[in-house]
Amino acid sequence: MISGFALVSMISFILCILLSITIYFKKVKYIFNNDLSKIFVLLCISLALFWALIEFGYRSANDFTTAYYWLKLNVAWYFVMSFLLHFSLLYTENHHLLKKKITYLIIYGPAIIFFFIDISTNLLLTKPVLVSWGWTFGIPTNPIMHSIPSTWAAFTALFCFYIILDYLSKLHNINKKKQTRIIIFGICIPIIIGLNTEWLFPILNIRFPELIVPALTFGIIIICYGIWIYSPLKNKDYYEVVKTEIDKNIKSSRY
């Protein structure tokens, strides 16, 4: 029987896929600049495929072998954090940093390293264990090894929060400030929840359902809403539509 927490993972997967499709194919994509929309879509897709879907797979597994198979696929979730950092740098207009190759090494380098460690060893995760909400990953005998990628992910999220908060302090445009506050709120949700369920609890050897996936999903929906509702391009589009209609009426009234 599929647990409620497994269903939460599947719902997160569906929402992320729908959000990425909406941004890519619909008019929403014009609300983002090109680079921002690409990274945001990659953030949604990576969260859906690399984390939410795999989490659903091992949580709903019927036996150890199936759960172990799904957990061995859970090696690329690190890129979700990298895309979040990349998105934050783009949003805060740190273009001078993004012109440097070393920046991309800092953004994606740790994720690549953890990815290959996970593929080739069991240093970061061990065999799956069955708990009340389904199968989940095992914690190594030495919890410090488990805490290394979790600590990196936590610091990455906190750094995203810091640079966006710093960006907010320098803004003067009222709508841009409102938009940035919503984005900060969207980032705070997974930080608060993730620091507990993904970092602190495993270190203390406390078993609790991991809630970072739905927290991240809810967070990026809020971020997307903030960019959409307070985007100057959105208001500009409305202005252009109204202006076009007025021009048509003026021209038609002349004849």
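The values are calculated or read from the model by the stated rules, or taken from the named source; none is laboratory data. Here the structure is a predicted model, which is why all the values come from computation and not from measurement. Note: ideal-geometry Cβ built from the backbone for every residue, glycine included; neighbour counts use all protein chains shown.
One residue stands out among those in the stretch 74-105 that are among the polar types (S, T, N, Q) and under 17 Å from residue 216 (Cα atoms): the one that is modelled with the lowest pLDDT, which is 74. For the stretch 30-121, the helices (runs of 4 or more DSSP H) that sit wholly inside it and include 2 or more residues that are in contact (Cβ under 8 Å) with a residue 40 or more places away in the chain and either among the β-branched types (Val, Ile, Thr) or surrounded by fewer than 22 Cβ atoms within 10 Å (Cβ to Cβ) (or both) are 34-47, 64-73, 78-91, 101-120.
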